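Below you'll find the structure, written out as C-alpha cells, and then a few comments.
The values are calculated or read from the model by the stated rules, or taken from the named source; none is laboratory data. Note that the structure is a prediction, hence the values are computed from the model and not measured. Glycine also receives a Cβ, built like all others from the backbone with ideal geometry; neighbour counts cover every protein chain displayed. Ligands, DNA and RNA are stripped out before the accessible areas are found, and what is left, the full protein with its side chains, is counted by its heavy atoms. Shrake-Rupley method; radii C 1.70, N 1.55, O 1.52, S 1.80 Å.
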Amino acid sequence: MKFLVKKILEGDEGAAVILYKTYSIELLKYLQKRVPHEEASEILNDTFLEAIDGMIMLKKDENLKAWLYKIAYNKTIDYYRDVVISRSQDNSS
C-alpha cells in the first residue's frame, strides 16, 4: 500500500481509482450501519476526497485501511453533529 500512497501523492489518478475500488465496498457497508443509507454514499465520497487531499499527512507506518476508517468515522460524527444543529435551528424558529 505504500506504493499506492506514493503514486497518489505523485498525482496518479489510476492509483486513486485503485484505492477507491479496494476499500469502497467495505467502507460503504460500515457507513450504512451508522447513517441513513441515502447519506452513506455521499459520506463515502467525502471520505475518499478527504483521504486523497490529506494523503501527505499519512505517516509512513500508519495503516491505510485504519486511516480510511478513522476518516469515515469522523465524517459520521460530522453528519450527526449537522443533524443536531439543523434540528435545534428548526426548533428555535
task: Give the ranking of M57, M1 by solvent-accessible surface, highest area first, calculated with a 1.4 Å probe.
output: M57, M1
- request: Quantify, in whole percent, the carbon and sulfur part of the accessible surface of the chain (1.4 Å probe; protein heavy atoms only).
  value: 54 percent
- line: Taking a straight Cα-to-Cα line shorter than 17 Å from K70, and setting aside same-chain lysines fewer than 8 residues away, one finds K29, K33, K59, K60
message: As an exercise, use a Förster radius of 22 Å and the Cβ-Cβ distance of R34 and V84 to find the FRET efficiency, rounded to the nearest 0.05.
response: 0.90
query: Using a simple charge model, +1 on the beta-carbon of Lys and Arg, -1 on the beta-carbon of Asp and Glu, nothing else, what dipole does the chain show about its Cα centre, in debye to the nearest 20?
result: 460 debye
task: Find how much the distance from M1 to K70 grows on full extension, using 0.36 nm per residue of separation minus their present alpha carbon separation; answer in nm with one decimal.
output: 23.1 nm
query: When the Karplus curve 6.51 cos²θ - 1.76 cosθ + 1.60 is applied with θ = phi - 60°, which whole-Hz ³J(HN,Hα) does each residue of segment 12-17 get, with x for Gly and Pro?
result: 6, 5, x, 5, 5, 5
query: Lys/Arg Cβ at +1, Asp/Glu Cβ at -1, dipole of the chain taken about the Cα centre: which of Y23, I77, S88 is farthest positive-ward?
result: Y23
statement: Here the gain from full extension of L9 to K21, 0.36 nm per residue of separation minus their alpha-carbon distance, amounts to 2.6 nm
- line: Karplus ³J(HN,Hα) for segment 63-75 (6.51 cos²θ - 1.76 cosθ + 1.60, θ = phi - 60°; Hz, whole; x = Gly/Pro) runs 6, 4, 4, 4, 5, 4, 5, 5, 5, 4, 4, 5, 5
